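> Before we start, here is the structure in question, set down as structure tokens.
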Amino acid sequence: AGRLERIATATINAVPAGPAISQVLRAIQLIGKSIDAACALSIEAACFGSQHLPHRLGDFLPSALGGSRPDGAVDLDVDDIHTIQACRAPDPLLAQTVDHPDLRLLEVSDKHWAGMVGPPPEETDNLVVFVPGVGSDGNESIGGQIERARTQAAAMGGTGVVYGYDAPDQLLSGTSTGAAKTAGPQLREFLADIDQRYPNHHVTVVGYSYGSVVVGNAAGGPAPMRADDVLFVGSPGTGLASTEEMNLRGDNPQVHAARRALDPVSGMAYSNGGLFGVNPAAPTFGAQPWPGDGMRDHSGFFNDEAYLDGFAELARRRGLAGPE
């Protein structure tokens, strides 16, 4: 892998930039990452045994690794975890680590993945966890979800986290709660692991479109979901009747909702119910309204300055450092 990096550097210095050479360099980088991942897999199997190869973020805490540190420190940093997780990442996801060099894989399994983007948490005081919607696990969609997480976190001066799951492929299959019932408890477990690693960070969980159904399932369970703020965006419903049914653990947890007049997805839920229950933007649900251009469509939230300004305002109200 190191030799490939030297080849890539030499190529950059010797050949004029252009689309063709960019593709070659990208391929070289990806091969190098694949070699690193294969080496990590061998080390992982030697360290943990083939019967237990860790894949959850919590598997890398000292207690899960068979020991404990008296100071409660975590033995493996995010870069170490990323290297190990890359060994099981499918090619389209691994390719995203080349397109997005700051992406750090935290969890990878057959049905879900989680990654961190933007400045490292050591440089921020908050995390924005983005849970996307229908079609978000498609190979063509992953890069867009990474950018949405990055954009929202930057607006709050935080670190972005993407939580990918086995999302419905299309709108019709997105009318079932099956995927949300599976992903919800997994998300709740992931947020608990995030809290173990970053106990002093403010955590904002954003459920977009069908992702709000996932967040609703995570927050409506018997165990509390770690979140200081929850934002439902373009929601078709959450599976819950009101914020009173949400079991949250955080610093005076607050719930917010963003809805647009031209959004057909949020139009699937009403103040008295719908396919997935009450619309979280309805007054009866009890969420605080989130600012934005009310005439945008379903995908227009993430380039809406008023919507993004809402994150900076939330950071101010919460006493966080906020964006630069």
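> Which whole-number percent of Cα pairs in the stretch 101-162 have a distance greater than 18 Å?
Roughly 29 percent, once rounded to a whole number.
> I'd like the FRET efficiency for ALA261 and GLU140, computed as 1/(1 + (r/R0)^6) with the beta carbon distance as r and R0 of 30 Å, rounded to 0.05.
Result of the calculation: an efficiency of 0.60.
> Work through the residues other than ALA223 whose Cβ is under 11 Å from its Cβ and net out their charges, Lys, Arg +1 and Asp, Glu -1.
Net local charge, ALA223 excluded: +2.
> For the stretch 118-324, build the charge dipole from Cβ charges (+1 Lys, Arg; -1 Asp, Glu) around the Cα centre, then report which of GLY322, GLY237, GLY292 sits farthest towards its positive end.
Positive-most Cα among the choices belongs to GLY237.
> Pop the C-beta distance of ASP99 and ARG317 into the FRET formula with R0 = 51 Å and round what comes out to the nearest 0.05.
Result of the calculation: an efficiency of 0.90.
> Label-point separation (nm) for SER242 and ASP110, each offset 7 Å from Cα along Cα-to-Cβ?
Spacing of the two 7 Å Cα→Cβ label points: 4.2 nm.
> If you don't mind, there's one more thing I want to ask. According to a simple spin-label model (label point 7 Å from Cα along Cα-to-Cβ), what is the distance in nm between GLU324 and ASN303?
It works out to 2.5 nm between the two label points.
> Arrange the following residues from fewest to most other Cβ atoms within 10 Å of their Cβ: GLU140, GLU147, GLU107, GLU123.
Taking fewest neighbouring Cβ atoms as first place, the list is GLU140, GLU123, GLU147, GLU107.
> Could you tell me the largest-minus-smallest coordinate of the C-alpha atoms of the stretch 118-324 on each of the three principal axes, in descending order and whole angstroms?
Its Cα atoms span 41, 37, 37 Å along the three principal axes.
> Per residue and in Å³, how big is the convex hull formed by the alpha-carbon atoms of the stretch 91-202?
Looking at the stretch 91-202, the number lands at 98 Å³ per residue.
> Give, as a single signed number, the net charge of other residues whose beta carbon lies under 13 Å from the beta carbon of ASN279, with Lys and Arg counted +1 and Asp and Glu -1.
Combined, the nearby Lys, Arg, Asp and Glu give +1.
> Under the 0.36 nm per residue contour assumption, what length would be gained going from the current alpha-carbon distance of ASN200 and ASP91 to full extension?
Stretched fully, the ASN200-ASP91 segment lengthens by 35.8 nm.
> I'd like to know which of PHE302, VAL134, MET225 lies farthest towards the positive end of the charge dipole of the stretch 118-324, counting +1 on Cβ of Lys and Arg and -1 on Cβ of Asp and Glu.
The residue sitting farthest along the positive end of the dipole is MET225.
> Starting from the 7 Å offset along Cα-to-Cβ, what nm value, one decimal, do you get for the label separation of ASP77 and ARG249?
2.8 nm
We did not get these values from a lab; they are worked out from the coordinates using the rules stated. Worth saying up front: this structure is predicted, and the values here are computed from it rather than measured. Note that each Cβ is placed from the backbone with ideal geometry, even for glycine, and that neighbours are counted across all protein chains shown.
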